[in-house]
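First the structure, in the form of structure tokens, and then the observations on it.
The values are calculated or read from the model by the stated rules, or taken from the named source; none is laboratory data. None of these values were measured; they are calculated from a predicted model. When we count neighbours, we look across all protein chains shown, and the Cβ atoms used for this are built from the backbone with ideal geometry, even at glycine.
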Amino acid sequence: MSEESAQRPEPNPYLERRRRRLKTAGARRVEVSVPAADTGLVRAIAKALLEDGEDAQVLRSQLGSLVDTSPARTGKELLAFFRASPLVGAELEFERDRFADRPIELS
């Protein structure tokens, strides 16, 4: 890799000001992957939510009822789930069959 390609490009002052202003306003930058046909829709939804008007309230209530917006589960919740399992205390032994032949294609 050449020394030039390893360097970061010069920051765009307009973009830096915009991002700082949005962060101060309580906005958060999010990157998502959507089907190409939905790009305009997602941008329009994001714009309406950012403007925080009456349309944003309607969108939040409608979309909130369609999708689960609860935070992702944490490791502590997963551990609690396993500790509450009916299999706790059961004497289980798992052994992997290390001698089973299986076809492997090397191409």
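Quick test of your reading of the structure: residue 40 fulfils all but one of (1) modelled with pLDDT of 85 or more; (2) farther than 17 Å from residue 63 by Cβ. Name the failing condition by number.
Going through the list (1) modelled with pLDDT of 85 or more; (2) farther than 17 Å from residue 63 by Cβ, residue 40 breaks only (2).
Could you please find all residues in segment 44-61 being of a type outside the set (Lys, Arg), surrounded by fewer than 13 Cβ atoms within 10 Å (Cβ to Cβ) and within 15 Å of residue 25 (Cα to Cα)?
51, 53 - these are the residues of segment 44-61 that are of a type outside the set (Lys, Arg), surrounded by fewer than 13 Cβ atoms within 10 Å (Cβ to Cβ) and within 15 Å of residue 25 (Cα to Cα).
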